[in-house]
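Throughout, read-outs are computed from the coordinates displayed, never taken from laboratory work. Predicted model, so just to flag it, every value in this text is computed and none were measured.
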Amino acid sequence: MVHSFDILASEYRPMVVTYLRSLGIDCHLAEDLAQETFLAAHRSLPTFKEGTNFGAWLRGIARNKALTHWRGGRRRPLVIDSRVLEGVEEVFASLDREGEAGDWWERRREALRHCLG
């Protein structure tokens, strides 16, 4: 039996992994931390406020998982400039917008052009 959270997790998994990778985390660790993120999100569902941005909420959990991982002294320390983190959050927030005119892929390409610029 598939639960609604499983559907959400499969829909948001690529975004969470990409977000973690954008923080400089390798692909294998990003997959592990994404799994931890969804486990934590499932446990924390009662704290999620309906009407808020689910993607942003997940990214917050993922960011905390990444920071906890690096604070634990596992591997090299994670150093994230706050301006870079704000930029990453801005890009992902623009991709979260629902119902906007234009193609989702075109918005991704535009965000990439913006980042490269």
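Quick notes on this structure:
- Stretch gain in nm, segment A40-T52, where the contour uses 0.36 nm per residue and the Cα spacing is subtracted: 2.6 nm
- Computed lengthening from E90 to C27, 0.36 nm per intervening residue step minus Cα-Cα distance: 20.5 nm
- A straight chain from F5 to R83 at 0.36 nm per residue would run longer than the Cα-Cα distance by 24.9 nm.
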